[in-house]
1. Look at residue 68 and say whether it is surrounded by 24 or more Cβ atoms within 10 Å (Cβ to Cβ) and of a type in the set (D, E, K, R).
2. Specify the residue that is farthest from residue 230 (Cα to Cα); the eligible residues are those in the range 1-26 that are in a loop (DSSP other than H, G, I, E, B) and of a type in the set (S, T, N, Q).
3. Sort out which residues of the range 105-139 are over 16 Å from the mean Cα position of the chain (by Cα) and of a type in the set (Gly, Ala, Ser), and write them in order of number.
4. Any residue at all in the range 27-44 that's of a type outside the set (S, T, N, Q), assigned to a strand (DSSP E or B) and either at pLDDT 95 or above or not assigned by TED's automatic domain parsing to the domain that holds residue 139 (or both)?
5. Would you point out which residue out of 241, 224 is modelled with pLDDT of 95 or more, in contact with a Phe, Trp or Tyr (Cβ under 8 Å, 6 or more places away or on another chain) and buried (at least 24 other Cβ atoms within 10 Å of the Cβ)?
6. Read through the list (1) in the same structural domain as residue 269 (by TED's automatic domain parsing); (2) at pLDDT below 95, then give the number of the only condition that residue 367 fails.
Amino acid sequence: MKLNSMPKLMMDGLESKLPIIQGGMSVGISMSGLASAVANAGGIGTIGAAGLGLLNPTLPNSYKENNEIALRHEIRKAKRKTEGPIAVNIMMALSDYDNLIMAAVDEKVDAILIGAGTFLKAPPTIDMDKVKDSVTRILPIVSSQRAANVIFKFWGRHYGFVPDGIIVEGPLAGGHLGFAKDDLEKPEHSLDAVLPQVIDTIRPYREQFKMDIPVIAAGGIFSGADIYKYLQMGASGVQMGTRFVATHECDASLNFKMAYLACEKDDITIIDSPVGMPGRAIKNKFIEDVRSGVKQPFACPWKCLRTCDFKQSSYCIAKALTSAQRGKLSEGFTFAGQNVYRIRRMTSVNELMNSLVEEYELAANKAVSALDGITQVEPVP
């Protein structure tokens, strides 16, 4: 091991060769193909659980049953392709989040990343004793120190255990964001500001429960130099989503990936999602039509989002994202992180991971001793 090489990520008996978690991108963007490729390359690969049942219209059951069947299928498929760690991203905003959590636990995934809501009191349909005794690690995704403290305090008091790690996602992330629109550009909500606060909040829980509880930095992380920066700030690892879309192994259509490669800085926009949260996406005609008041007609066969009032919504986000995944961008749009415009070519997951390691090592070797001494390294495009 080189002196300045990337450290491993350790979490309650789980070891990842590289401290990189691939962000879970739902509705078919990160399925078994991408997740297994990342795991084989030394990171933690993540399957996005939302909307998987919509991608297989031949399933004969209800939408809820189809989602579970499809998730179990993707987990098993990923495990056949890799012996590396596989995670699942599950949104609390989903109507069947409880069903998906228990399915992932049953399938013995290495970790569940829980976002788009605060996971506090579990419904009766989630067996917290089974979760506690399982091999599956739980990592909530938060955007503030307060949210982190509330979750850990509640779990400690009510369940006798706490999450195995936590992901701190800043406002530069793609997809749904844990901030009000007006707060996205405020310095106090930046990842650089919130990350140290969450690290301080988690420290006593590490001591109390004798656990690693890694804090993972996320949102706008693009290069190996970025990874070095946040590890120097005290993070145990990073989560990256946008960088993995323009890879051969990503499960999205070629048209979806090409939207990333064609994106310019001015194309990035913030939308109002039916989920009830702002989201970062790449501008296109579909988004412009919605903003101009053009209603995209749809029937709601199943209330997939607890927070969605389909009678008031001008479009169905599940339908829009499914269409985009299939390459029909005139009928949907692509979520993306703030730095998507910096991606300029398609690559393989293995090549991307190698370039991140090289950039990390170069940044580490050029560092004097403190964060201010880092020479920023331009990533391989």
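The values are calculated or read from the model by the stated rules, or taken from the named source; none is laboratory data. Everything numeric in this text was worked out from a predicted model, so none of it was measured. As a convention, Cβ positions derive from the backbone with ideal geometry for all residues, glycine included, and neighbour counts pool all protein chains shown.
1. Details: surrounded by 24 or more Cβ atoms within 10 Å (Cβ to Cβ): no; of a type in the set (D, E, K, R): yes.
When the stated conditions are applied, residue 68 does not pass them.
2. 26
3. 122, 134
4. Within the range 27-44 (the criterion being of a type outside the set (S, T, N, Q), assigned to a strand (DSSP E or B) and either at pLDDT 95 or above or not assigned by TED's automatic domain parsing to the domain that holds residue 139 (or both)), the answer is yes, since at least one residue qualifies.
5. 224
6. Of everything listed in (1) in the same structural domain as residue 269 (by TED's automatic domain parsing); (2) at pLDDT below 95, residue 367 misses just condition (1).
Listed here are the residues, each with its yes/no results for (1) at pLDDT 95 or above; (2) in contact with a strand residue (DSSP E or B) (Cβ under 6 Å, 6 or more places away or on another chain).
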site: 110; (1), (2): yes, yes
site: 120; (1), (2): no, no
site: 130; (1), (2): yes, no
site: 137; (1), (2): yes, yes
site: 152; (1), (2): yes, no
site: 165; (1), (2): yes, yes
site: 176; (1), (2): no, yes
site: 181; (1), (2): no, yes
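The rows are residues; the columns are (1) under 29 Å from residue 354 (Cβ atoms); (2) β-branched (Val, Ile, Thr); (3) part of a helix (DSSP H, G or I).
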{"site": "193", "(1), (2), (3)": "no, no, yes"}
{"site": "197", "(1), (2), (3)": "no, no, yes"}
{"site": "200", "(1), (2), (3)": "no, no, yes"}
{"site": "203", "(1), (2), (3)": "no, no, yes"}
{"site": "217", "(1), (2), (3)": "yes, no, no"}
{"site": "221", "(1), (2), (3)": "yes, yes, no"}
{"site": "228", "(1), (2), (3)": "yes, no, yes"}
{"site": "231", "(1), (2), (3)": "yes, no, yes"}
{"site": "234", "(1), (2), (3)": "yes, no, no"}
